[in-house]
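Trainee: Dropping the structure in here first, questions after.
The values are calculated or read from the model by the stated rules, or taken from the named source; none is laboratory data. Everything numeric in this text was worked out from a predicted model, so none of it was measured. Quick reminder, even Gly has a Cβ in these numbers, built from the backbone with ideal geometry, and neighbours come from all protein chains shown.
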Amino acid sequence: MIRSVLALLDIRPVHTRLIAERHDLHRYDLIEDKQKFLDDMGDQIRAIVTSARFGVPADLMAQLPNLEVITSFGVGHDLIDLEACRARGIRVSTTPDILTDDVADTAIMLMHATLRQLLAGDDWVRSGKWAAKGPMALARTVRGRKLGIVGLGRIGQAIASRAIPSGVEVGYFGRSKKAVDYKFFDDLVALAEWSDILVLACPGGAATKGIVNQAVLDALGRAGIVINIARGSVIDEPALIRALQDGTIAGAGLDVFDNEPNIDPAFAQLDNVVLYPHLASGTVETRDAMAQLVVDNLDAWDERGALITPIV
């Protein structure tokens, strides 16, 4: 048995119970006096269960001198200091592949919902405007558009494969050219200038913070839309809000934001943006499978000192 596991959240009730049955589990999110707990128990913690949202704060990791492994519920790891983990020999796992399909589906959903004005149409029917005012103003089609993807990893490629049947041309920006038929750009502003739809599917972290800035939005132009299923940090959010307010771009479909869940209230006042509460992977099936992989990674470490899906 791993001597003690510290969970920063309840990944899924059933799976949290499985961890508690197999290991000495401590729910850090439920502990009132966290510092006292760390003073008393910090040297006993061997594993952490966290998520892409919470990561592992540096001050917490510093107080766990015998930490061996971090198992994260999700694929993002920008809130885990991987270099510090390498220096200390701490192994880290995530839950890749499992959520790829749902996240890619969400990107496509947001793309269509934004261009076809799904929310405005729903309101047009519910509010009685259809009966009172007649047909709603026409929306815009996806077909024939140029779709630029920022980050052509697993999720980016899944988005591209789903978008092509809608009749789009795909281009992408990334660290290197891949063995695909899509148009490659080594400059993000150039990709934005080429694109009608800009989909963000890149990792978060310092390297991509604010990568979509005013220059990128200006290049995307007045008919362009932004779809973000990556991280809120990859967009200069004040610049995005200004662009949506003043017509620099036509619209946006957003699953992620800065300062979640306390997002900038300006978004709620915009009628050219579709808002989704960081739920791209939020299906019962996917979240259960992700939670099971967290459990399996802990068990694998306990049984043979190896992880199933390590990143460090």
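Trainee: From 17, 22, 27, grab the single residue that is surrounded by 12 or more Cβ atoms within 10 Å (Cβ to Cβ), touching a residue at least 24 places away in the same chain (Cβ under 8 Å) and among the basic types (Lys, Arg). Even if it seems obvious, please write down each step before you answer.
Mentor: Details: 17 fails: touching a residue at least 24 places away in the same chain (Cβ under 8 Å); 27 fails: touching a residue at least 24 places away in the same chain (Cβ under 8 Å).
From the options 17, 22, 27, the qualifying one is 22.
Trainee: Kindly indicate whether residue 48 is of a type in the set (A, V, I, L, M, F, W, C) and farther than 30 Å from residue 161 by Cα.
Mentor: Numbers: of a type in the set (A, V, I, L, M, F, W, C): yes; farther than 30 Å from residue 161 by Cα: yes.
So residue 48 fits the description; yes.
Trainee: Being in a helix (DSSP H, G or I) and either surrounded by 14 or more Cβ atoms within 10 Å (Cβ to Cβ) or under 17 Å from the mean Cα position of the chain (by Cα) (or both) is the filter here; which residues of region 151-163 pass it?
Mentor: Answer for region 151-163, where residues must be in a helix (DSSP H, G or I) and either surrounded by 14 or more Cβ atoms within 10 Å (Cβ to Cβ) or under 17 Å from the mean Cα position of the chain (by Cα) (or both): 154, 155, 156, 157, 158, 159, 160, 162, 163.
Trainee: For region 194-220, enumerate the residues that are over 30 Å from residue 83 (Cα atoms), touching a helix residue (DSSP H, G or I) at 6+ places or on another chain (Cβ under 6 Å) and either part of a helix (DSSP H, G or I) or not assigned by TED's automatic domain parsing to the domain that holds residue 149 (or both).
Mentor: The answer is 214, 215, 216, 217, 219, 220.
Trainee: Which numbered condition trips up residue 189, out of (1) under 20 Å from residue 108 (Cα atoms); (2) part of a helix (DSSP H, G or I); (3) touching a residue at least 24 places away in the same chain (Cβ under 8 Å); (4) not hydroxyl-bearing (Ser, Thr, Tyr)?
Mentor: (1)
Trainee: Looking at region 166-185, can you tell me whether even one residue there is in the same structural domain as residue 200 (by TED's automatic domain parsing), in contact (Cβ under 8 Å) with a residue 40 or more places away in the chain and part of a loop (DSSP other than H, G, I, E, B)?
Mentor: no
Trainee: Just give me the residues in region 257-312 being more than 22 Å from residue 97 (Cβ to Cβ) and of a type in the set (Gly, Ala, Ser), in sequence order.
Mentor: Hits for region 257-312 are 266, 268, 305.
Trainee: Listed residues 60, 79, 67; which is under 22 Å from residue 302 (Cβ atoms) and under 24 Å from the mean Cα position of the chain (by Cα)?
Mentor: Values: 79 fails: under 22 Å from residue 302 (Cβ atoms); 67 fails: under 24 Å from the mean Cα position of the chain (by Cα).
On inspection, the qualifying residue turns out to be 60.
Trainee: Quick check: anything in region 34-50 surrounded by fewer than 21 Cβ atoms within 10 Å (Cβ to Cβ), modelled with pLDDT under 95 and either aliphatic (A, V, I, L, M) or assigned to a loop (DSSP other than H, G, I, E, B) (or both)?
Mentor: no
Trainee: Still on this structure, please answer the following. Take residue 144 and decide whether it is at pLDDT 95 or above, over 15 Å from the mean Cα position of the chain (by Cα), surrounded by 18 or more Cβ atoms within 10 Å (Cβ to Cβ) and not in a helix (DSSP H, G or I).
Mentor: Numbers: at pLDDT 95 or above: yes; over 15 Å from the mean Cα position of the chain (by Cα): yes; surrounded by 18 or more Cβ atoms within 10 Å (Cβ to Cβ): no; not in a helix (DSSP H, G or I): yes.
So residue 144 does not fit the description; no.
Trainee: Still on this structure, please answer the following. For residue 125, work out the one condition from (1) among the aliphatic types (A, V, I, L, M); (2) in contact (Cβ under 8 Å) with a residue 40 or more places away in the chain; (3) surrounded by fewer than 19 Cβ atoms within 10 Å (Cβ to Cβ) it doesn't fulfil.
Mentor: Answer for residue 125: the failing condition is (2).
Trainee: Among 280, 230, 223, which is in a loop (DSSP other than H, G, I, E, B), closer than 15 Å to residue 73 by Cα and outside the structural domain of residue 25 (by TED's automatic domain parsing)?
Mentor: Answer to the check: 280.
Trainee: When region 146-161 is examined, which residues are found to be more than 16 Å from residue 190 (Cα to Cα) and basic (Lys, Arg)?
Mentor: 154
Trainee: Right, next: Just a yes or no: is a residue in region 222-235 within 23 Å of residue 277 (Cβ to Cβ), without any contact (Cβ under 8 Å) to a residue 40 or more places away in the chain and touching a Phe, Trp or Tyr at 6+ places or on another chain (Cβ under 7 Å)?
Mentor: For region 222-235, residues within 23 Å of residue 277 (Cβ to Cβ), without any contact (Cβ under 8 Å) to a residue 40 or more places away in the chain and touching a Phe, Trp or Tyr at 6+ places or on another chain (Cβ under 7 Å): present.
Trainee: Still on this structure, I have one more. Could you tell me which of the residues 298, 293 is in contact with a His (Cβ under 9 Å, 6 or more places away or on another chain), in a helix (DSSP H, G or I) and either under 22 Å from residue 147 (Cα atoms) or aliphatic (A, V, I, L, M) (or both)?
Mentor: 298
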